[in-house]
Amino acid sequence: MTPDADSSFHILLTPHLENVFLWHYHPEYEIVYIDGASGTRHVGDHISRYEGSDLVFIGPNIPHLNFDYGVKTDYRKVVVQLNEDFLGESFWRAPEFADVARLFAMARSGLSFHGETKRIVGEQLEALAAWPPFERMMALLT
């Protein structure tokens, strides 16, 4: 993964892969938000359905299916890929970021979010690409 220009991470906006069965894995962490769709969430050995929207945080090298596979509705999707050291190695040792470090550790098994968290974070992710680099990074950390 190559980060976007002026960024430490990579953003994909609505990559349409609904007709492609893309079972894959990669060394980056990945945040996926899809809205306006219902489909299959297949992460590692976990298979379930999502309805209307989905928000997941997937750790490195966890096999997963693209979340839009088989989707027939008009949907929006944001995929954020980031390397483990996207903020440098010392970032993870800063006490102020202990909760963020815990979230990344939990993502190594895959995380799914629901309710208000999914709605709020989904809205922020959809706006991410339009923001200047510093605000984009702060929004991602938030």
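The values are calculated or read from the model by the stated rules, or taken from the named source; none is laboratory data. Bear in mind that the values here come from a model prediction, so they are computed numbers and not experimental data. Note that we place each Cβ from the backbone using ideal geometry, even for glycine, and neighbour counts take in every protein chain shown. Protein only, heavy atoms only, side chains kept; ligands, DNA and RNA dropped before computing areas. Shrake-Rupley method; radii C 1.70, N 1.55, O 1.52, S 1.80 Å.
Tabulated data for the structure shown
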quantity	calculated
Test for residue 8: is it of a type in the set (Ser, Thr, Tyr), buried (at least 16 other Cβ atoms within 10 Å of the Cβ) and out of contact with any Asp or Glu (no Cβ under 8 Å at 6 or more places or on another chain)	yes
Answer residue from segment 54-93, given it is polar (S, T, N, Q) and buried (at least 18 other Cβ atoms within 10 Å of the Cβ) and is modelled with the highest pLDDT among those	81
Which numbered condition residue 101 fails, given (1) within 30 Å of residue 20 (Cα to Cα); (2) open to solvent by less than 40 Å² (accessible area, probe 1.4 Å)	(1)
Residue satisfying all of: in segment 104-119; under 17 Å from residue 33 (Cα atoms) and out of contact with any strand residue (DSSP E or B) (no Cβ under 9 Å at 6 or more places or on another chain); most open to solvent (accessible area, probe 1.4 Å) among these	116
Subset of segment 108-129 [at pLDDT 90 or above and in contact with a helix residue (DSSP H, G or I) (Cβ under 9 Å, 6 or more places away or on another chain)]	111, 112, 113, 124, 125, 127, 128
Leading residue by the ranking (nearest to the chain's Cα centre (by Cα)) among those in segment 23-52 that are of a type in the set (Ser, Thr, Tyr) and open to solvent by 20 Å² or more (accessible area, probe 1.4 Å)	25
Hits in segment 120-137 - residues which are open to solvent by 80 Å² or more (accessible area, probe 1.4 Å) and more than 14 Å from the chain's Cα centre (by Cα)	130, 131, 134, 135
Verdict on residue 142 being closer than 18 Å to residue 29 by Cα and surrounded by fewer than 13 Cβ atoms within 10 Å (Cβ to Cβ)	yes
